[in-house]
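As structure tokens, the structure follows; a few thoughts come after it.
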Amino acid sequence: MSTTQEIAPPKVRWDLSALFSGLDDPKIEETWTTAMERADAFAAKYRGKIESADLDAPTLAAAIRDIEALYNEVAKPMGYANLVFSTDSGDPKVGAFMQKQRERGTELSVKTLFFELELQAADGELIDRLLASDELANYRHYVQSTRVYSPYRLSEKEEIILEETANTGSRAWIRLFEELTANHVFKIQMPGEDAKDATEQEVLALLRHENREVRQMAADSLTKGLQEMQRVLVYNFNNLLQDKSVEDRLRKFEYPEQSRHLSNELDRETVDLVVSKCKENYGLVSRFYNVKREILGLPELTHIDRYAPLFPSEGQVGWDRAKEIVLTSFATFSPTLEQRAAEFFDKNWIDAEPRKGKQGGAFCAYNTPDTHPVVFQTYLNKMDDVMTLAHELGHGVHASLSRAQSYLNFHGTLPLAELASTFGEMLVFEKLVADASPKDKIALYADKIEGIFATVFRQAAMFSFEQRSHKARREGGEQTAEQIGEVWQQEIQAMFGDSVKIGDQHRIWWSYVGHFIYAPFYVYAYSFGELLVLSLYQMAKAEGPGFADKYIEVLRLGGSLTPQELMSIVGVDLKSPAFWDGGFAAMEKLVTEFERLWGEYK
């Protein structure tokens, strides 16, 4: 696991040839030309027939199959553009290419918008009768989830205007954020070394350094870099808050996060239940960090100490070792998980190399059922990077298995999308703990607990930050950096209680969180996913090998059923407070074991 020799970051880049060979691949234009012709033919064939009282099951099924095939094909150039941009956002040619794909996507959307609008407007009783037929069995969930938006649809002309203006509106602001943060040059100066240029990801990684002086330097560098971009980042955020406010008003959504709840297929009561339980259990955070302060021997912990390692680092974890750890861990639960994850390494479906212009964060892109998913991260040889790899490969296995579904049933909702990723992390954690020395076990438990806290409690706090930010923008107009920062400080500090003092530097750190920009209210999905896994993992250990088969079946089903229907396969009721309490109970057990291990060690 460890070594005293410096390991070079892996030169691992993904192979996207299943999509296209390059920006100049003639297949890209061929795809769009064919798609536009098919869209025109689709409109000529089905316009006016979906909302009709004469609609029958064969017609609706045929229309859905046609539109699904069309969506599947145009997802390829659009997805390809996003993937290339994520690794080279500083190249104007790449940015222009992505913009062109978005504009072509808009052109096609305008031709086909009528279909979902007519489906939403169709008579409810008629649709219910049609959905009872075998011909629509594969598309029941798609039809039902589409019709959820019936009260919030606009006229076709209005929808077209919103789609046409999005490329110079919200999508443009999102692209600005991505280009700005990915290409900004931060300065770092390690003790005894000359200052050098660094990316945002490299600076963030140093906040986990064992040397407190280095962590402070990283915090200084991050803060200074964000301050240099502050005027644009604050203005950008304000515009996106207002953009969402306008669209919500036009669609008559009752509150800012309502559209996210609808897309997640969760009701407000269930989300509020989980978030409120997170806040009720904030005490676990203070309990853990008070022990961490004792281990580190510091009079107090601040924002630079949250992710400080408990003991000096014993080395780095190279890419080959990370691969071995993840695959071995997945194999202990299911050979299927290992086989699907191994494909990502064997077939170059991962981009892990650090380089300038590469965006921050990590993700798994599902792409389409007839191609394959890919994983994106920046691997810097840290144990934390191993856990990120396990997380994203959990997504990857989910995406790979759900290729059994057709395109419209391919993607699950966000909260369940996090299920496989956090499950993958738990598998790796248990493997590492089983092989660790007593001292390493303490460190591993600390890392795992901090990861869970960041995924459950921090995301709940960030959800509250978003709620308050959207509310403040709607009620008080454009927000200043000071106003946004104050809300951010209050919500994050509430999570830590008196165990960690969040310093003034942290006040601007909200501005590098991409989820606030490109996916409003995404963050609570992480809380859901982690708590689901903590409870499900206990069920898996109690049930034994039989649970793996049910788990794999849930992953294969992708988004073909509602979250509750999928969870019923493994015996879970998402509306049950007792189920969610099980997640917090599992978390409390981890903290108790951490306290026990430290008590024995000291």
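Do any helices (runs of 4 or more DSSP H) lying entirely in region 245-364 carry at least 1 residues that are in contact with a Lys or Arg (Cβ under 7 Å, 6 or more places away or on another chain) and of a type in the set (S, T, N, Q), and which ones are they?
On the way: elements: 258-264, 268-280, 283-296, 319-333, 335-346.
Filter on region 245-364 gives 268-280, 319-333.
Out of 219, 195, report the one residue that is out of contact with any Phe, Trp or Tyr (no Cβ under 7 Å at 6 or more places or on another chain) and without any contact (Cβ under 8 Å) to a residue 12 or more places away in the chain. Steps first, please.
On the way: 219 fails: without any contact (Cβ under 8 Å) to a residue 12 or more places away in the chain.
So the residue among 219, 195 that is out of contact with any Phe, Trp or Tyr (no Cβ under 7 Å at 6 or more places or on another chain) and without any contact (Cβ under 8 Å) to a residue 12 or more places away in the chain is 195.
Surrounded by fewer than 23 Cβ atoms within 10 Å (Cβ to Cβ) and not β-branched (Val, Ile, Thr): is that true of residue 460 in this structure? Explain how you work it out, then say what you get.
Working: surrounded by fewer than 23 Cβ atoms within 10 Å (Cβ to Cβ): no; not β-branched (Val, Ile, Thr): yes.
In short, no.
Report whether or not residue 160 is buried (at least 18 other Cβ atoms within 10 Å of the Cβ) and of a type in the set (Val, Ile, Thr).
Details: buried (at least 18 other Cβ atoms within 10 Å of the Cβ): no; of a type in the set (Val, Ile, Thr): yes.
Here the answer is no, as residue 160 does not meet what is asked.
So, in region 18-49, exactly how many residues are over 17 Å from residue 78 (Cβ atoms) and in contact with an Asp or Glu (Cβ under 9 Å, 6 or more places away or on another chain)?
Qualifying residue count for the region: 7.
Hey, residue 126 hits all of (1) part of a helix (DSSP H, G or I); (2) under 30 Å from residue 245 (Cβ atoms) but one; which does it fall short on?
(2)
Of all the residues that make up region 244-263, how many are crowded, with 18+ Cβ neighbours inside 10 Å and either within 22 Å of residue 512 (Cα to Cα) or acidic (Asp, Glu) (or both)?
Number satisfying all stated conditions: 5.
Please identify the pairs in which a residue from region 435-446 that is at positive phi has its Cβ atom under 9 Å from the Cβ atom of a residue that is of a type in the set (Ser, Thr, Tyr), counting only partners at least 6 apart or on another chain.
The qualifying pairs do not exist here.
For region 129-160, enumerate the residues that are assigned to a helix (DSSP H, G or I), at pLDDT 95 or above, more than 23 Å from residue 412 (Cβ to Cβ) and hydrophobic (A, V, I, L, M, F, W, C).
130
Working carefully through the options 73, 29, find the one that is part of a helix (DSSP H, G or I) and either polar (S, T, N, Q) or under 30 Å from residue 143 (Cβ atoms) (or both).
Numbers: 29 fails: either polar (S, T, N, Q) or under 30 Å from residue 143 (Cβ atoms) (or both).
Answer to the selection: 73.
With the condition kept exactly as written, say whether any residue in region 109-118 is among the charged types (D, E, K, R), out of contact with any Asp or Glu (no Cβ under 7 Å at 6 or more places or on another chain) and farther than 30 Å from residue 95 by Cβ.
no
Between residues in region 367-380 that are basic (Lys, Arg) and residues that are surrounded by 21 or more Cβ atoms within 10 Å (Cβ to Cβ) and part of a loop (DSSP other than H, G, I, E, B), which pairs lie under 9 Å by C-beta distance while being six or more apart or on different chains?
No pair meets every condition.
Got a number for residues in region 365-389 being at pLDDT below 95 and in a helix (DSSP H, G or I)?
6
Which condition number in (1) farther than 25 Å from residue 508 by Cα; (2) touching a His at 6+ places or on another chain (Cβ under 9 Å) is the one that residue 150 fails?
In the conditions (1) farther than 25 Å from residue 508 by Cα; (2) touching a His at 6+ places or on another chain (Cβ under 9 Å), residue 150 misses (2) alone.
The values are calculated or read from the model by the stated rules, or taken from the named source; none is laboratory data. What you see is a predicted model; the values in this text were computed from it and never measured. Virtual Cβ from ideal backbone geometry, glycine too; neighbours counted across all protein chains shown.
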